[in-house]
Amino acid sequence: MNVNKADSTDVGHSPFISDCVLKNVSLPNGMMLRVAITGQGEPLVLLHGHPQNHLSWRKIAPALSKHFTVIMPDLRGYGDSGKPPGGKDHRNYSKKMMAEDVVLLMDALGYNRFAFVGHDRGGRVGHRLALDYPQRVSRAVFIDIAPTATMYALTDKAFATRYFWWFFLIQPAPLPERMIGNDPAFFLQKHIEGQLKTPDATEPEIFADYLRCYQDPAMIHAACEDYRAAATVDLQDDAEDSTKRIGCPLLLLWGEKGTVGQLYDVIATWKEKALNVSGEALPCGHSPQEEVPEKTLAALLPFLTSL
């Protein structure tokens, strides 16, 4: 691994993921990403979703590290990564900008081409990444998402009720920021409990770290900006690229007990966006890597290691 030492600072080892080095990597676009790295082999990027951080991968990263150099950033705005203001049009939290972060991070780490796994918001970043940088992504996995534009276009009472935060977090600042900031622990706990369908999938010490980050007003604002961007500039970007298709092999995994799996034909939605699509449901809710890690690995490894 060829890390540019001028742009990367070692900040210790993760207490939750074995043999995992934590780094702060400064990117040419001014963003600083906290990234956890473990393993040896070809590079594999794992990108978490809301409201988690890179610890979302703690249960599968050790097994993946036997085959890959596993690179787990905190998304901009999340975890211990930088939290810039969103800007008047929320562009700083567009998925195009977040995808650029991933490419610049991999440049800084010395990798040109890599495999990608994204959960939730991370998967939405992966969608833009595969469209905007097709030469960089060898294969991709999106976990428990249908395309953003599709989900908004098909919004009905069931979706709006079950994914209420898609419509709450996009309200103008500072309304959701102040309401969440009044009791972030309550909001975070209810959010995770509602999404994950496997009891005790989030251990107390992991929840404590998620909460450590989520209590930061800058992260609450960043999460809102992430969703505001999804409802505005991301839709504009998707519309401009509506004829483009993801070219690399794409694997979809989703929870059969979750909203996405119950409201959408997941594979059909992505066949409208990608050329080579496969996938399967897993017996869990929104976060397979935390709820059923063994089954998640059983689905991931054959796809990621195939030629």
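The values are calculated or read from the model by the stated rules, or taken from the named source; none is laboratory data. Since this is a predicted model, take the numbers as computed values, not measurements. All Cβ positions, glycine included, derive from the backbone under ideal geometry; neighbour counts span all protein chains shown. Each accessible area value is taken on the protein alone, full model and side chains, heavy atoms only, with ligands, DNA and RNA left out. Shrake-Rupley method; radii C 1.70, N 1.55, O 1.52, S 1.80 Å.
Once you've got the Cα coordinates, tell me which of Lys244/Lys271; Lys273/Lys295; Lys83/Lys244; Lys95/Lys244; Lys197/Lys295; Lys83/Lys197 are over 22 Å apart. Mind dumping the intermediate values first?
On the way: Lys244/Lys271 12 Å; Lys273/Lys295 26 Å; Lys83/Lys244 30 Å; Lys95/Lys244 16 Å; Lys197/Lys295 15 Å; Lys83/Lys197 30 Å.
Beyond 22 Å between Cα atoms: Lys273/Lys295; Lys83/Lys244; Lys83/Lys197.
Considering only protein heavy atoms, what per residue accessible area in square angstrom results for segment 174-307 with a 1.4 angstrom probe?
Working: 6030 Å² over 134 residues.
Here the per-residue accessible area is 45 Å².
For the chain, what relative contact order do you get, as a whole percent, if you take Cα pairs closer than 8 Å and at least 6 residues apart? Could you put the intermediate results ahead of the total?
Values: 586 pairs, mean separation 57.5, N = 307.
Here the relative contact order equals 19 percent.
Where the only charges are on Cβ atoms (+1 Lys, Arg; -1 Asp, Glu), what is the dipole of the chain about its Cα centre, to the nearest 20 debye?
Numbers: 31 positive and 36 negative charges, 79 e Å.
Approximately 380 debye in magnitude.
Near the amide H of Thr69, under 5 Å away, which other amide H atoms are found, from residues 5 or more places off or on another chain, if H is placed in the peptide plane?
HN-HN under 5 Å from Thr69: Gln40, Gly41, Glu42, Leu44.
Does segment 13-118 come out rounded, prolate or oblate, given a ≥ b ≥ c as the square roots of the eigenvalues of its C-alpha gyration tensor, rounded meaning a/c under 1.5 and, failing that, prolate meaning a/b above b/c? Walk me through the numbers on the way to the answer.
Working: a/c = 1.98, a/b = 1.58, b/c = 1.26.
Cα axes put segment 13-118 in the prolate bin.
Can you order the peptides 151-161, 287-297, 181-191, 267-277 by their average number of other Cβ atoms within 10 Å per residue, highest first? Numbers along the way, then the final one.
On the way: 151-161: 12.1, 287-297: 21.9, 181-191: 14.5, 267-277: 17.2.
Output ranking for 151-161, 287-297, 181-191, 267-277: 287-297, 267-277, 181-191, 151-161.
Over segment 97-256, what percent of the accessible surface lies on carbon and sulfur atoms, probe 1.4 Å? Display every interim value, and only then the final one.
Details: 3460 of 6200 Å².
Accessible surface attributable to carbon and sulfur in segment 97-256 totals 56 percent.
Taking every DSSP beta bridge that has both residues in the chain, what percent is antiparallel when rounded to the nearest 5? Kindly include the intermediate steps, with their values, before the conclusion.
Details: 16 of 40 bridges.
Bridges in the chain are about 40 percent antiparallel.
Hey, could you get me the Stokes-Einstein D for the chain, Kirkwood radius over alpha-carbon pairs, 25 °C and 0.890 mPa s, rounded to whole µm² s⁻¹?
Values: Rh = 19.1 Å.
Rounded to a whole number, D works out at 128 µm²/s.
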